[in-house]
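*Asks:* Could you have a look at this structure, given as structure tokens, before my questions?
The values are calculated or read from the model by the stated rules, or taken from the named source; none is laboratory data. Predicted model only: the values in this text are computed from it and were never measured. Glycine also receives a Cβ, built like all others from the backbone with ideal geometry; neighbour counts cover every protein chain displayed. Keep in mind that these areas ignore ligands, DNA and RNA; they rest on the heavy atoms of the full protein, side chains included. Shrake-Rupley method; radii C 1.70, N 1.55, O 1.52, S 1.80 Å.
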Amino acid sequence: MPAGGGWWRALERGSSIGCEVVQLFLKNCRQWAGRSPRPEEIRRFSQARSDGRFHCVFGHAGYLINLAGPSSSQRDRSISSLIVELELAAALEIPFLVLHPGAHLGQGESAGLGQAIRGLDEAIRATSGSPVRVALENTAGQGTCLGAPLTHLAAIFEGVESPRRLGVCLDTAHCFAAGHDLRSPRGWSALLDEIDRRIGLQQLLALHLNDSRAGLGSRVDRHAGIGEGKIGAAAFRHIVRDPRLRNHPGCLETPKSADLHEDVVNLARLRRLARPDGSSCRRRPSSSGIVR
Ligand SMILES: [Zn+2]
């Protein structure tokens, strides 16, 4: 949810369309600058949180942050920016921040993973005692981005000093673009089994429920509305009904306009698919792949 006008506005926007989970950027996602919240802003945020019916409110770190690149002023800024965001999250009582593992920018995967591990260690050390966790998001693997194979996330968990400050956020569109065919219940189940084997399912903190405009294994990151992409609505039925994820928060990161009408539609589709009796979701998708 956009947080323009104040962090609490993201929660108000979420409440206005019946969200139980809200993900928000704590800073302008494409700018470095950030600042500490004023007491009045913290008060309004917690008021908006208690006014809503939220199961979980979590943050997404800015897109400029890249811990995996070669040492440079850009990487130093990334580390300090992550520290500021972790402090902000703590002030707003946000339990975790979703973070992309970063791009190695040509130095190679293992060097990039080493940088990501050291960068995380620095940020976590600087915020020691903070309850805020960093939820590493799996990626589509576009360009030199790390985090498409689950082995990358596992290596980061193994390498950091405080793995208890980490978690995982699973993005369905990224999984698909990275080559995990989650369209069948079997493929989805195999993916969760792999997470469990490599990292531990207990580390999974949240889901990004996005369809994908890009094909299976394309390594291209293009989100689509639920049932409007190559994953298709049927897959989200076994995803949102998976008993292993019963209490996991999930959010949409699908294309949307300022009036949020697409979110309303996508949310209704997911809720319909989640209904255990399967009412009205047994209908076949229309030729466009859209279930209405
Ligand atoms: Zn995502």
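*Asks:* Within the group Gly289, Gly227, which residue is at pLDDT below 95 and closer than 20 Å to Ala177 by Cα?
*Replies:* Selected residue: Gly289, the only one of Gly289, Gly227 that is at pLDDT below 95 and closer than 20 Å to Ala177 by Cα.
*Asks:* Only one of these conditions is not met by Leu120: (1) within 16 Å of the ligand (Cβ to nearest atom); (2) crowded, with 22+ Cβ neighbours inside 10 Å. Which number is it?
*Replies:* (1)
*Asks:* Mind checking which residues of the range 86-115 are open to solvent by less than 30 Å² (accessible area, probe 1.4 Å), farther than 26 Å from Ser36 by Cβ and small (Gly, Ala, Ser)? Give the derivation first.
*Replies:* Initially, the range 86-115 is screened for residues open to solvent by less than 30 Å² (accessible area, probe 1.4 Å), giving 86, 88-89, 92, 94, 96-99, 101-104, 108, 112-115.
Now restrict to residues that are farther than 26 Å from Ser36 by Cβ: 101, 103-104, 108, 112-115.
Within the range 86-115, Ala103, Gly108, Gly112, Gly114 qualify.
*Asks:* Hey, does the range 49-62 have a residue that's touching a Ser or Thr at 6+ places or on another chain (Cβ under 9 Å), open to solvent by 20 Å² or more (accessible area, probe 1.4 Å) and assigned to a helix (DSSP H, G or I)?
*Replies:* Among the residues of the range 49-62, at least one is touching a Ser or Thr at 6+ places or on another chain (Cβ under 9 Å), open to solvent by 20 Å² or more (accessible area, probe 1.4 Å) and assigned to a helix (DSSP H, G or I), which makes the answer yes.
*Asks:* Out of curiosity, is Arg197 out of contact with any Lys or Arg (no Cβ under 6 Å at 6 or more places or on another chain), part of a helix (DSSP H, G or I) and buried (at least 18 other Cβ atoms within 10 Å of the Cβ)? Don't jump to the end; show me each part of the working.
*Replies:* On the way: out of contact with any Lys or Arg (no Cβ under 6 Å at 6 or more places or on another chain): yes; part of a helix (DSSP H, G or I): yes; buried (at least 18 other Cβ atoms within 10 Å of the Cβ): no.
Criteria not met by Arg197.
*Asks:* Continuing with this model, one more query. Which residue is nearest to Ala103 (Cα to Cα), if the candidates are limited to the range 37-71 and must be of a type in the set (Lys, Arg) and touching an Asp or Glu at 6+ places or on another chain (Cβ under 9 Å)?
*Replies:* Restricting attention to the range 37-71, the residues satisfying the condition of being of a type in the set (Lys, Arg) are 38, 43-44, 49, 53.
Okay, now just the ones that are also touching an Asp or Glu at 6+ places or on another chain (Cβ under 9 Å), so 49, 53.
Values: Arg49: 34, Arg53: 37 Å.
Looking at residues that are of a type in the set (Lys, Arg) and touching an Asp or Glu at 6+ places or on another chain (Cβ under 9 Å), I get Arg49.
*Asks:* Scan Ser162, Ser110 and give me the residue that is more than 20 Å from the chain's Cα centre (by Cα) and without any contact (Cβ under 8 Å) to a residue 24 or more places away in the chain.
*Replies:* Only one candidate qualifies: Ser110.
*Asks:* Any residue in the range 196-210 that's under 14 Å from Thr151 (Cβ atoms): show its pairings with residues that are crowded, with 22+ Cβ neighbours inside 10 Å at Cβ separation under 7 Å, as long as the two are six or more apart or on different chains.
*Replies:* Within 7 Å, the pairs are Ile199/Leu153; Ile199/Val168.
*Asks:* I'd like to check something: does the range 132-147 contain any residue that is assigned to a helix (DSSP H, G or I), closer than 22 Å to Ala90 by Cα, modelled with pLDDT of 95 or more and more than 16 Å from the ligand (Cβ to nearest atom)?
*Replies:* No: zero hits.
For (1) away from the ligand (no atom under 15 Å from the Cβ); (2) of a type outside the set (Val, Ile, Thr); (3) open to solvent by 10 Å² or more (accessible area, probe 1.4 Å); (4) not in a strand (DSSP E or B), each residue gets a yes or a no:
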site	(1), (2), (3), (4)
Val168	no, no, no, no
Asp181	yes, yes, yes, yes
Arg186	yes, yes, yes, yes
Gln202	yes, yes, yes, yes
Ile226	no, no, no, yes
Asn266	no, yes, no, yes
